[in-house]
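**Student:** I have a structure here, written as structure tokens, and I will follow up with some questions on it.
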Amino acid sequence: MPMLDSSPLIDAFGRVHTNLRVSVTDRCNIRCFYCMPHENVQFKPRADLLSFEEMVRFVRIVAALGVNKVRLTGGEPLVRADIEKLVAQLAAVRGIDDIAMTTNGILLEEHAQKLKDAGLRRLNISLDAMSEATFQRIARREGLQRVLYGIAAAQRAGFEKIRLNAVAIKGITEAEIVPLGRFAREHDLELRFIEFMPLDAENQWQSDQVLNGETIRTLLEAEFGLLTPKDRLDPSQPAMDYAFADGVGSVGFINPVSQPFCSDCNRLRITAEGQVRNCLFSTVEWDARALLRGGASDEAIAHLVRDCVKHKKPGHGIDSPEFIKPERAMYQIGG
Ligand code: SAM
Ligand code: SF4
């Protein structure tokens, strides 16, 4: 049998890809307006979604090409049945030394301990608002209290350095910034604000809805005092982190719109139906599912991944007049 070429996944701009986001489902239990349609969501038939076995095989192949971090996302990863079994299987893949998950936290209370026991190392929990009214305006469902219970359960289960991801939207979340800061500081959570990107299913994104990182920083400084930039230890890490003046906690800003970080991007993605993407904003996909289900060899699948990496563009170009919004919305890609 030919040996798998195990050289790293380097693109045409020298970026080494070591980080894979695996979307495990396109389904979700809420309907954030920046991600999903409100009603009548056209989910993919279940048979189209990769099985755990297929996902694990894909991860095993890319791990041999240097990928060492996997993040499970979706849709909402906790609505996929038996997700802990997938975590345990991925934790056993040689070369994968970090498994993380991004979740909306609604089902976390019942899953936290099982995820920890299965080998999940890190959790990002999405929370944009501390008031139920704003939460519902964004999520178009109830759920704030359950997210808060989920965060508490994750801490009880022993997850450390839990991140809170907050999408910031002009005209909607300004009044939430300081309460989120206070909550994160009080509960030892790493707060990250993320700019609203043009990946909503209803095509409503407008650049003037982006509440940018600089504005949020000013709001936080007015309440908590000067924020001091922290050293950036890992350049592929998109957040710019700051320490609060009194030394309690930190806050990060992920500014893909106002300050793109594409030049340091080391991420690859596979959608829930097995399409490999080299960028959130890709308009092209590489069909790994066809190979996984068509009896292809590991080498053929590795070749497809290399081809995808080879075609990665230098940047997303959101601010360019030629920018084309991807057909897929965030829940269909995996954020
Ligand atoms: N359902 C999980 C959750 O919400 O955490 C995981 C999937 S979600 C698509 C992943 C992350 O993408 C979340 O933090 C969410 O807030 C963020 N997100 C979704 N749509 C976005 C958009 N248009 N702009 C910026 N962030 C977005
Ligand atoms: Fe669901 Fe996450 Fe999308 Fe919100 S951002 S609709 S929680 S997948």
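**Student:** What nm value, rounded to one decimal, do you get for the distance between Asp97 and Thr283 when each label is placed 7 Å out toward the C-beta?
**Tutor:** Label at Asp97, label at Thr283, 4.0 nm between them.
**Student:** For Ser51 and Glu160, compute 0.36 nm times the residue count separating them, minus their Cα-Cα distance, and round to one decimal in nm.
**Tutor:** Computed gain between Ser51 and Glu160 is 36.3 nm.
**Student:** Also: Report the charge-dipole magnitude of the stretch 19-333 in Debye, nearest 20, computed about the Cα centre from +1 at each Lys and Arg Cβ and -1 at each Asp and Glu Cβ.
**Tutor:** In debye, rounded to 20, the stretch 19-333 gives about 780.
**Student:** Another question, if that's okay. Let me have the 222 nm mean residue ellipticity of the chain computed from DSSP H runs of 4+ only, each contributing -39500 (n - 2.57), with the sum over all residues rounded to the nearest 500.
**Tutor:** For the chain, the value works out to -8500 deg cm²/dmol.
**Student:** Could you work out how far apart the two model spin labels at Leu226 and Asn68 are, taking each label as a point 7 Å from the Cα in the direction of the beta carbon, and quote it in nm?
**Tutor:** Here the answer is 3.7 nm between the modelled labels.
**Student:** Now, a different point. Once you have all Cα-Cα distances for the stretch 38-156, histogram them in 5 Å bins from zero and send the whole-percent values.
**Tutor:** For the stretch 38-156, the binned pair fractions read 2, 11, 19, 20, 18, 14, 10, 5, 1, 0 percent.
**Student:** Determine the percent antiparallel among the DSSP beta bridges restricted to the chain, to the nearest 5. It would help to have the intermediate numbers written out before the result.
**Tutor:** Numbers: 12 of 42 bridges.
The antiparallel proportion sits near 30 percent.
**Student:** Also: Could you give the length gained by full extension between Asp188 and Ala175, i.e. 0.36 nm per residue of separation minus their alpha carbon distance, to one decimal place?
**Tutor:** Separation in residues times 0.36 nm, less the Cα-Cα distance, equals 2.6 nm.
**Student:** Any chance you could give the angle, 0 to 90 degrees and rounded to 10, that helix 298-310 forms with the longest Cα principal axis of the chain?
**Tutor:** Helix 298-310 sits roughly 50 degrees off the main axis of the chain.
**Student:** If I take R0 = 25 Å and measure r between the Cβ atoms of Ser7 and Ser297 in this structure, what FRET efficiency does the formula 1/(1 + (r/R0)^6) give, to the nearest 0.05?
**Tutor:** Once rounded, the FRET efficiency stands at 0.90.
**Student:** Then there is this: Among DSSP beta bridges lying fully in the stretch 188-335, give the percent that are antiparallel, nearest 5.
**Tutor:** 70
**Student:** What is the helix-to-structure angle for 108-118, meaning the angle in degrees between its Cα long axis and the longest Cα principal axis of the chain, kept from 0 to 90 and rounded to the nearest 10?
**Tutor:** It is inclined by approximately 50 degrees.
**Student:** Provide the gained length on full extension for the span Gln145 to Ser131, in nm with one decimal, where the gain is 0.36 nm per separating residue minus the Cα-Cα distance.
**Tutor:** That pair, Gln145 and Ser131, stretches by 4.1 nm at full extension.
**Student:** Pairs on different chains or at least eight residues apart, Cα atoms closer than 23 Å: how many lysine pairs in the stretch 19-333 fit?
**Tutor:** 18
**Student:** Over all directions, average the projected area of the Cα convex hull of the stretch 19-333 and note it in nm².
**Tutor:** Numbers: hull surface 61.2 nm².
It is 15.3 nm².
Every read-out reported here was derived from the displayed coordinates using simple, explicitly stated rules and does not represent laboratory data. What you see is a predicted model, and the numbers here were worked out from it, not measured in a lab. Every residue, glycine among them, receives a Cβ derived from its backbone with ideal geometry; neighbour counts consider all protein chains shown.
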